[in-house]
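Notes follow once the structure below has been shown.
The values are calculated or read from the model by the stated rules, or taken from the named source; none is laboratory data. Values in this document were obtained by computation on a predicted structure and should not be read as measured data. Glycine also receives a Cβ, built like all others from the backbone with ideal geometry; neighbour counts cover every protein chain displayed. With ligands, DNA and RNA removed, areas are computed over all heavy atoms of the protein, side chains included. Shrake-Rupley method; radii C 1.70, N 1.55, O 1.52, S 1.80 Å.
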There are 6 protein chains.
Amino acid sequence: MTRLIEYADASPEVRAVYDDIKAARGVADVNNFWKALAVHPPTLARTWESLRRVMAPGALDPLVKEMLYLAASAAAGCAYCVASHTAAARAKGMTEEMHGELLAILGMAAETNRLAEALRVPVDPAFE
Amino acid sequence: MTRLIEYADASPEVRAVYDDIKAARGVADVNNFWKALAVHPPTLARTWESLRRVMAPGALDPLVKEMLYLAASAAAGCAYCVASHTAAARAKGMTEEMHGELLAILGMAAETNRLAEALRVPVDPAFE
Amino acid sequence: MTRLIEYADASPEVRAVYDDIKAARGVADVNNFWKALAVHPPTLARTWESLRRVMAPGALDPLVKEMLYLAASAAAGCAYCVASHTAAARAKGMTEEMHGELLAILGMAAETNRLAEALRVPVDPAFE
Amino acid sequence: MTRLIEYADASPEVRAVYDDIKAARGVADVNNFWKALAVHPPTLARTWESLRRVMAPGALDPLVKEMLYLAASAAAGCAYCVASHTAAARAKGMTEEMHGELLAILGMAAETNRLAEALRVPVDPAFE
Amino acid sequence: MTRLIEYADASPEVRAVYDDIKAARGVADVNNFWKALAVHPPTLARTWESLRRVMAPGALDPLVKEMLYLAASAAAGCAYCVASHTAAARAKGMTEEMHGELLAILGMAAETNRLAEALRVPVDPAFE
Amino acid sequence: MTRLIEYADASPEVRAVYDDIKAARGVADVNNFWKALAVHPPTLARTWESLRRVMAPGALDPLVKEMLYLAASAAAGCAYCVASHTAAARAKGMTEEMHGELLAILGMAAETNRLAEALRVPVDPAFE
């Protein structure tokens, strides 16, 4: 069973990260991902710090960022990540129709990725 | 060496698909992917037909669709696909800054996907 | 540059494996895969021994075995393996039409694999 | 929890696909994969249409096609797909012995794929 | 449900492998992996024989070997393998701190692997 | 062609990271990975900062850390990363024999990972 470190049992170092996540996201508790990562406090702190910077407002809007995260996670086959980022994308405004189109793209990309590799297609000079 | 079927050497069945791709995209020639896929005309025709439907205008705008395709292809590690969809996303308006943010998300997703799997994190009830 | 050990430069231990591969396959020289693997003679010997046993005649015919090897290698995205097992399958009788159908299955499997994972589909009781 | 759309709750568009799958396969109900995919009716319809064409009788016999699908799905690590295509291959005549040989090939392919990539083996000129 | 072959129900051929595993590891029963693999006795025997040789004492110490096995298994996303090799590494002396550092490396490798592929970075001449 | 940003053409922000990498590693120039990543300076800076912390001396010795990085990169199939981390591991003392054993483990892990997934082996209670 994966060990999950709850706030009540966490060290001050871990609690500080949990507090920061909760404040940044406006949530009452952190997700299991963070509770599992807390077994190694430096990795917990570094990962949260990186994630916050990567997902901060920028040239891409927050919903697009979240859908890109979901697409990459689904392509990597991570079940936990698909569950968490599907929920996050919905919270940021992804409709059923948008989700359906994202799924369709994921499927087509998988198919054409596989075919391109199975045929060992040389890169077009125009792409370079 | 991957066999690429040029228009001049293609059967009428294959030429019809090439013509359709060229018309839909307003290009003078099709990419190597299609020329390689033409070794099996039914797969060429079916793949193009599916791709056109998936990438048609919908709830997501064309640039977002293209970036999702790129994210999924990069997460799957397909070099040809990364080259072709990076070019396509640029043609649809992806700036250097947007590309940089997409890369950052790809990297973070890879890291957190791996950590979630290596820790076998149980899915939060709230995601269900 | 990957170091490839040619027969002339090989130790007696490595030459014995090369001789065995050449005799079993009726070829004048071994493929680069074996020349690269020869950097670690125990792995060279063990891998060849395993491969010979796995690919020996059995309940499945040799062409089907080779196509299964190709399908698994393509799904894993190994470019060298796709090249070598496509050549091997052709040598054992895979026609253009059979190759085309195998490619179509590879593409569809990639698409439905991805969709099943992105939707986290629960296994049907009937499959158990 | 993945949302599964049962026949009784499905739109006429979705029911038409379910009816087509049930008739083509001679089954009383569709698998969970289709019930999950029904959240996006265009993807449901397109995927079924493609799958039917890809798996139709051709140069390869139906059992070989199903085993190739299983090999590709197992190489991609899709648990649902392994379960469904193992069941389908058995229904088409895959014996325990054939399954065992398929498993052995999957394992060997995984090992040699990994070694070829870890050694970055250059493609033999003879394969081109 | 995966069929697991218990010792009491195993053939003499399978029991001989189980006995060998139990003696080599000093355990009372074999893991589920072997009980599942026993559906194909030749693959059970060959896999155990290979594994024993690969994990035998050598230039690398047993704990390092086990952690490398865990790292490779986690990078491949195999949940069962992560569970079994995490347990095995702990039994060989992996501390919480060592596990935490291994996790951090896994995460960083995933991130930089993905970025290197998404940018299609050319190999430095100095690496060849 | 991947755009590589050389020191002479780099912004002060990018040069600062390059200088830091060169000082930390005692090298005259940074690898192509960093020159490619420099297209997005925030990702360049963040990735280097993370990598330095992850690879700093800790409970695991530097050579073991580098071999774990190599194992994870090879399992993920990243050719550039295999090339760079093989070179780095050699520079830190990995002998031919150690490399051979690492390769053998990579191959066996790939094989048993695939078999565990293809058989959908349930996790042993003892691992939890």
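Mind checking which residues of region C:48-92 are more than 7 Å from chain D (Cβ to nearest Cβ) and touching a Phe, Trp or Tyr at 6+ places or on another chain (Cβ under 9 Å)?
Within region C:48-92, the subset more than 7 Å from chain D (Cβ to nearest Cβ) is C:48-49, C:52-53, C:55-57, C:61-63, C:66, C:70, C:74, C:77, C:79, C:82, C:85-86, C:88-92.
Selection gives C:Trp48, C:Met55, C:His85, C:Thr86, C:Ala88, C:Ala89.
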Exercise for the section: Please work out if F:Val27 is exposed (fewer than 14 other Cβ atoms within 10 Å of the Cβ) and within 10 Å of another protein chain (Cβ to nearest Cβ). Expected result: yes
Problem - Cross-chain or 6+ apart pairs with Cβ under 7 Å, region E:78-97 first and modelled with pLDDT of 95 or more, then among the basic types (Lys, Arg) - result: E:Ala79/B:Arg120; E:Val82/B:Arg120; E:Ala83/B:Arg120
Handout entry: Index of the failed condition, A:Leu44 passing every other in (1) touching a Pro at 6+ places or on another chain (Cβ under 9 Å); (2) in a helix (DSSP H, G or I)
Key = (1)
Handout entry: Yes/no for B:Arg114 being assigned to a helix (DSSP H, G or I), facing chain F (nearest Cβ under 9 Å) and basic (Lys, Arg)
Key = yes
Problem - The one condition in (1) open to solvent by 70 Å² or more (accessible area, probe 1.4 Å); (2) more than 14 Å from E:Ile105 (Cβ to Cβ); (3) modelled with pLDDT under 95 that F:Pro57 fails to fulfil - result: (2)
Completion exercise
(1) among the aliphatic types (A, V, I, L, M); (2) touching a Phe, Trp or Tyr at 6+ places or on another chain (Cβ under 9 Å); (3) open to solvent by 10 Å² or more (accessible area, probe 1.4 Å); (4) in contact (Cβ under 8 Å) with a residue 12 or more places away in the chain all hold for E:Leu44 apart from (3)
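So, of the residues in region B:67-89 that are open to solvent by 10 Å² or more (accessible area, probe 1.4 Å) and not polar (S, T, N, Q), which turns out to be nearest to the chain's Cα centre (by Cα)? Don't jump to the end; show me each part of the working.
So the first thing to find is which residues in region B:67-89 are open to solvent by 10 Å² or more (accessible area, probe 1.4 Å), and the list is B:75-77, B:79-80, B:84-88.
The next check asks that each one be not polar (S, T, N, Q); those that pass are B:75-77, B:79-80, B:85, B:87-88.
Working: B:Ala75: 12, B:Ala76: 11, B:Gly77: 12, B:Ala79: 11, B:Tyr80: 9, B:His85: 5, B:Ala87: 10, B:Ala88: 9 Å.
Among residues in region B:67-89 that are open to solvent by 10 Å² or more (accessible area, probe 1.4 Å) and not polar (S, T, N, Q), the one nearest to the chain's Cα centre (by Cα) is B:His85.
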Problem - Residue tally, condition more than 9 Å from every other protein chain (Cβ to nearest Cβ) and in contact with a Lys or Arg (Cβ under 7 Å, 6 or more places away or on another chain), over region C:30-47 - result: 1
Fill in the blank from the handout: Flagged in region C:95-111 as open to solvent by less than 10 Å² (accessible area, probe 1.4 Å) and either among the acidic types (Asp, Glu) or more than 11 Å from chain B (Cβ to nearest Cβ) (or both), in numbering order, are C:Ala109, C:Glu111
